[in-house]
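**Student:** Supplied in structure tokens, the structure appears directly below.
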Amino acid sequence: MFGLFERKNETDPACFWKEYEKKCGEKVLAYTLGQYLSGWDEFNNPLWGLLIATSGGFRFHHFPHEGWIQALSRLSSGGEAPKEKTLFIPRDSLASVELKVEKSWLKKLFLPRSPLLVVRYGDTGGELVMETDQKAWEIVRALEDRAEIT
């Protein structure tokens, strides 16, 4: 959807986000890293990517990568390079956004688990589940204008 971003400013996050806003045509309100787990038919396995709240809704953006060994293997077998994967849920389709954080200190101690960001959308009860970190509270707050937060 967005193609590869220019490499000249790859160490400057402000340039990256400015370019991202220009390409998607929306203001970025909050973001964090996360792992998509389930809820979107086009993605059939866990993927790491950016979880992004924009003025237009919720976005997940997976940037592909491959090591040099995988690249050589792919080139020798004639395979395709990995592609970017994105999903977008418009703000007016969001039903709820929730960050599930373990509250029991015993479970935190013996069964540590990352928080889960759950995004419910549409009239059909679609639900995305992503593993993330505490910074995802910023995404929840940014999207709560139109979504009913639980």
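The values are calculated or read from the model by the stated rules, or taken from the named source; none is laboratory data. Worth saying up front: this structure is predicted, and the values here are computed from it rather than measured. Heads up, the Cβs are rebuilt from the backbone with ideal geometry, glycines too, and the neighbour counts pull from every protein chain shown.
**Student:** Working only within region 32-45, note down all residues that are more than 19 Å from G125 (Cα to Cα) and either at pLDDT 90 or above or outside any loop (DSSP other than H, G, I, E, B) (or both).
**Tutor:** Result: T32, L33, G34, Q35.
**Student:** I need a count of the residues in region 32-45 that are touching a residue at least 12 places away in the same chain (Cβ under 8 Å), over 15 Å from I89 (Cα atoms) and not hydrophobic (A, V, I, L, M, F, W, C).
**Tutor:** 3
**Student:** For region 63-150, please list each of the helices (runs of 4 or more DSSP H) lying entirely inside it that holds at least 2 residues being modelled with pLDDT under 80 and surrounded by 15 or more Cβ atoms within 10 Å (Cβ to Cβ).
**Tutor:** Helices (runs of 4 or more DSSP H) meeting the threshold: none at all.
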